[in-house]
1. Calculated from DSSP H runs of 4 or more alone, at -39500 (n - 2.57) each and per residue, what is the 222 nm mean residue ellipticity of the chain, nearest 500?
2. How large is ³J(HN,Hα), in whole Hz, for each residue of the range 51-66 in order, when computed from phi with the Karplus curve 6.51 cos²θ - 1.76 cosθ + 1.60 and θ = phi - 60°, using x for Gly and Pro?
3. Enumerate the calculated ³J(HN,Hα) couplings along the range 145-150 in order (Karplus 6.51 cos²θ - 1.76 cosθ + 1.60, θ = phi - 60°), each rounded to whole Hz, writing x wherever the residue is Gly or Pro.
4. Roughly how many percent of the accessible protein surface of the chain is carbon and sulfur, given a 1.4 Å probe and a whole-percent answer?
5. Give the relative contact order (percent, whole number) for the chain; include only Cα pairs under 8 Å separated by 6+ residues.
6. Counting only protein chains, not ligands or nucleic acids, how are Val129, Val138 ordered by accessible area (probe 1.4 Å), most first?
7. Mind checking the alpha-carbon convex hull of the chain and giving the volume per residue in Å³?
8. I need the phi-derived Karplus couplings for the range 162-177: 6.51 cos²θ - 1.76 cosθ + 1.60, θ = phi - 60°, integer Hz, Gly and Pro marked x.
Amino acid sequence: MTIAPAVATLIMVTRFPHPGRTKTRLIPALGAEGAAQVQRCMTELLVDRLRVICDRASIALEIHFADGSLAQMHDWLGDDLTFKPQGPGHLGARLHRAFWQGFRAGQQPILIIGSDCPDVGEGQITQAVAALQHHDVVLGPAHDGGYYLIGLRQPQPSLFVDISWGQSCVLAETMAIATHHGLSVTLLDVLSDIDRPEDLPLWQAYSGDANNRPQVRL
């Protein structure tokens with residue numbers, strides 16, 4: 001049986017859910033254990049969804065992780081996935097490293113998403129892959145001013161330099177750099193990340209039974 005080559009590579013970046021070391025902006029509302037549980041649940045939800053999407057669309061799926069070990073990641077999410085450590089540095093350095101490693105290995109195009117946007121699905125992924133046939137950059141804008149997805153068809157290290165990571169101007173700064181360098185950009189649907197206590201109603205509505213939700217201390 002001949003296996004069709006991947007049309008793209010999708011990287012999801014996440015953290016092993018150690019209490020106190022992940023989703024720290026949610027700790028005032030949920031406590032360290034509750035914040036880690038939200039991280040765990042969102043990651044598992046997206047991994048299950050992406051397995052199906054990537055298999056159907058012939059997209060290679062990788063999980064790039066921080067904090068945990070390779071053994072912990074396999075025990076958590078399964079042995080059927082490709083795991084790679086994110087390595088040191090701020091978010092921009094880690095994103096650039098993931099793209100650089102992928103392009104060096106001959107992958108093209110490459111998409112990167114986070115693990116904290118539960119609404120991202122097949123529509124956004126397939127639109128992003130299609131857009132990169134004709135554009136240099138694809139971005140999935142988040143309501144908080146950042147982005148939940150970035151896709152490239154070749155290395156663009158300038159997009160990850162002098163960005164105010166974690167602030168509401170991340171998307172605007174990235175767009176300004178792309179414009180300065182003459183890069184063509186496609187924007188996807190605007191979706192919401194789950195980063196701050198005020199985002200929790202969205203996650204609680206999304207995650208189902210209220211009896212199984214982390215208790216929010218307001």
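The values are calculated or read from the model by the stated rules, or taken from the named source; none is laboratory data. This one's a predicted model, so the numbers in the text were calculated from it and none came from an experiment. The area values use the complete protein model at the heavy-atom level, side chains included, leaving out ligands, DNA and RNA. Shrake-Rupley method; radii C 1.70, N 1.55, O 1.52, S 1.80 Å.
1. Computed ellipticity for the chain at 222 nm equals -12000 deg cm²/dmol.
2. Coupling constants for the range 51-66: 3, 5, 4, 5, 5, 5, 9, 6, 10, 6, 10, 10, 10, 9, 10, 10 Hz.
3. In residue order, the calculated couplings are x, x, 9, 9, 8, 9 Hz.
4. 52 percent
5. 23 percent
6. Val129, Val138
7. 127 Å³
8. Each residue's phi maps through the Karplus curve to give 6, 9, 7, 4, x, 9, 6, 9, 4, 4, 4, 5, 5, 5, 5, 5 Hz.
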